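In what follows, a single structure is set out as structure tokens and then discussed.
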Amino acid sequence: MTAEEQQMIGYLAGIIRKPNVTIDENTPLVSAGLIDSLALADVLMILEDLTHLRIPPGKVQPKDLDRVSLMFETARRVGKPRK
């Protein structure tokens with residue numbers, strides 16, 4: 001797990017309000033109901049900050065942000081270098 005993934009997990013742990021939930025890079029987030037669509041906008045902004053990439057929201061679906069590892073794969077796939 002990368003330092004950036006660890007930072008994302010730390011952020012997600014702060015916004016998930018369910019007790020006794022442990023998050024790692026493969027924990028389902030959206031599909032398990034741990035984060036909702038409103039939180040995904042913030043998650044996308046954090047992902048851009050951590051990856052230093054511009055990620056077009058129109059190219060990302062909730063399923064692309066279901067797991068931390070998948071978030072970073074998606075960022076590498078659709079992200080563009082920031083100017």
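The values are calculated or read from the model by the stated rules, or taken from the named source; none is laboratory data. All of these numbers come straight from a predicted model, not from anything done at the bench. Here the Cβ is made from the backbone with ideal geometry for all residues, glycine too, and neighbour counts use every protein chain on show.
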* Residues in the range 28-83 that are more than 17 Å from GLY10 (Cβ to Cβ), among the β-branched types (Val, Ile, Thr) and assigned to a helix (DSSP H, G or I): how many? -> 2
* Single residue of the range 11-21 satisfying the filter (at pLDDT below 95 and of a type outside the set (S, T, N, Q)) that is farthest from MET71 (Cα to Cα) -> PRO19
* To do: Quickly run through the range 9-27 and pick out the residues that are farther than 15 Å from PRO62 by Cα, outside any helix (DSSP H, G or I) and hydroxyl-bearing (Ser, Thr, Tyr).
  => THR22
* Considering only residues that are charged (D, E, K, R) and at pLDDT 95 or above, look in the range 64-83 and name the one that is farthest from the chain's Cα centre (by Cα). => LYS80
* To do: Would you point out which residue out of THR27, THR2, THR74, THR22 is in contact (Cβ under 8 Å) with a residue 60 or more places away in the chain, on the phi < 0 side of the Ramachandran plot and either loosely packed, with under 12 Cβ neighbours inside 10 Å or not hydrophobic (A, V, I, L, M, F, W, C) (or both)?
  => THR2
* Selection status of ASP24, of a type in the set (Asp, Glu), over 11 Å from the mean Cα position of the chain (by Cα) and modelled with pLDDT under 95 -> no
* Take the range 40-71 and flag every residue that is surrounded by fewer than 15 Cβ atoms within 10 Å (Cβ to Cβ) and among the small types (Gly, Ala, Ser). => ALA41, GLY58
* To do: Enumerate the pairs (first residue in the range 49-70 and free of Cβ contacts under 8 Å to residues at least 40 places away in the same chain and over 19 Å from ILE35 (Cα atoms); second residue anywhere and of a type in the set (Lys, Arg) and crowded, with 16+ Cβ neighbours inside 10 Å) with beta-carbon separation below 9 Å, excluding pairs fewer than 6 apart on the same chain, so at least 6 apart or on different chains.
  => none
